[in-house]
1. Hey, any hits in region 49-60 for a residue that's within 16 Å of the ligand (Cβ to nearest atom), crowded, with 20+ Cβ neighbours inside 10 Å and within 30 Å of residue 194 (Cα to Cα)?
2. Just to check your reading of the model, which residue among 77, 24, 96 is within 19 Å of the chain's Cα centre (by Cα), away from the ligand (no atom under 16 Å from the Cβ) and not in a loop (DSSP other than H, G, I, E, B)?
3. How do the pairs read when you match residues in region 42-63 that are modelled with pLDDT under 95 with residues anywhere that are assigned to a helix (DSSP H, G or I), using Cβ under 6 Å and keeping only pairs 6 or more apart or on different chains?
4. Being in a helix (DSSP H, G or I) and surrounded by 19 or more Cβ atoms within 10 Å (Cβ to Cβ): is that true of residue 243 here?
5. Residues in region 162-177 that are touching a residue at least 40 places away in the same chain (Cβ under 8 Å), touching a strand residue (DSSP E or B) at 6+ places or on another chain (Cβ under 6 Å) and away from the ligand (no atom under 13 Å from the Cβ): how many?
6. Of the conditions (1) away from the ligand (no atom under 16 Å from the Cβ); (2) on the phi < 0 side of the Ramachandran plot, residue 134 fails just one. Which one is it?
7. Exactly one condition in (1) more than 15 Å from the ligand (Cβ to nearest atom); (2) at pLDDT 95 or above; (3) on the phi < 0 side of the Ramachandran plot is not met by residue 110; state its number.
8. Answer with yes or no whether residue 13 is free of Cβ contacts under 8 Å to residues at least 12 places away in the same chain and either within 16 Å of the ligand (Cβ to nearest atom) or buried (at least 18 other Cβ atoms within 10 Å of the Cβ) (or both).
Ligand code: ASP
């Protein structure tokens, strides 16, 4: 079984949802799907998560954020309508706006709604089961993840059918939603892969893996086919930021290989990251 995570650019619009579906249909082993909030559709676009942070800041200062909120709401409704998904999101958005206006929602809970709505839509589109991250990712009081409890909770909720899980958040012992730091949906995917003993954790993004050079400097650099965890650490010291730093540990301790793939070039094998690569010696 494969756990697959799609980042914000893979969730940005209806066209990207179609690509995600094709990727899943191409391999029936891809059964557990983690999604980010909708990202940028083009260079000048906004990330939904950024808009949610902005909305919360507005409300804290007593400034009306209806305009920004409408940008968020309309992005999801547009995806829904373009794909013909039957899902009543209007009521959920209205209830959310009310809580925002009354200042009765925390920043973490508000920004987590980007991933939540992405997952609701994707689950309905694929006819997969929606499993809320709030129902299995448990944080300790110090903000670290209670892996033992979280893994058991996820195992008890995943049955034969495919599932879609929102990335980026979980709950504190008191039940409040808490998010990881930015880019944290990668961690959700790694935790799900570890909990379910996946054969591989595929992390789908908008580049074909770890590139051999900075694409802002070198035109169309090639991706590195294989990297060990230790080499990856060296690369991230050197500034190559592909994954959230908290992604490695959960999969490394279970010996699960991590495969970085490109949603816009699904035939490309991407980069495989694992403990070591044994070269065959005759
Ligand atoms: N949407 C969140 C962010 O932009 C989390 C993620 O996409 O990984 O940081």
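1. Yes; the residues of region 49-60 include at least one that is within 16 Å of the ligand (Cβ to nearest atom), crowded, with 20+ Cβ neighbours inside 10 Å and within 30 Å of residue 194 (Cα to Cα).
2. Working: 77 fails: within 19 Å of the chain's Cα centre (by Cα); 96 fails: within 19 Å of the chain's Cα centre (by Cα).
None of the others qualify; the one that does is 24.
3. Pairs that qualify, where the first residue is modelled with pLDDT under 95 and the partner is assigned to a helix (DSSP H, G or I), are 59/100.
4. No; evaluated as a whole, the condition is false for this residue.
5. Taking region 162-177 first, the residues touching a residue at least 40 places away in the same chain (Cβ under 8 Å) are 162-169, 176-177.
Now drop any that are not touching a strand residue (DSSP E or B) at 6+ places or on another chain (Cβ under 6 Å), which leaves 162-165, 167-169, 177.
Now drop any that are not away from the ligand (no atom under 13 Å from the Cβ), which leaves 162-164, 177.
Residues in region 162-177 being touching a residue at least 40 places away in the same chain (Cβ under 8 Å), touching a strand residue (DSSP E or B) at 6+ places or on another chain (Cβ under 6 Å) and away from the ligand (no atom under 13 Å from the Cβ): 4 in total.
6. (1)
7. Answer for residue 110: the failing condition is (1).
8. Taking the combined requirement at face value, the residue does not satisfy it.
The values are calculated or read from the model by the stated rules, or taken from the named source; none is laboratory data. Note that this is a predicted model, so its numbers are computed, not measured. Please note: Cβ atoms are built from the backbone with ideal geometry, for glycine as well, and neighbour counts cover all protein chains shown.
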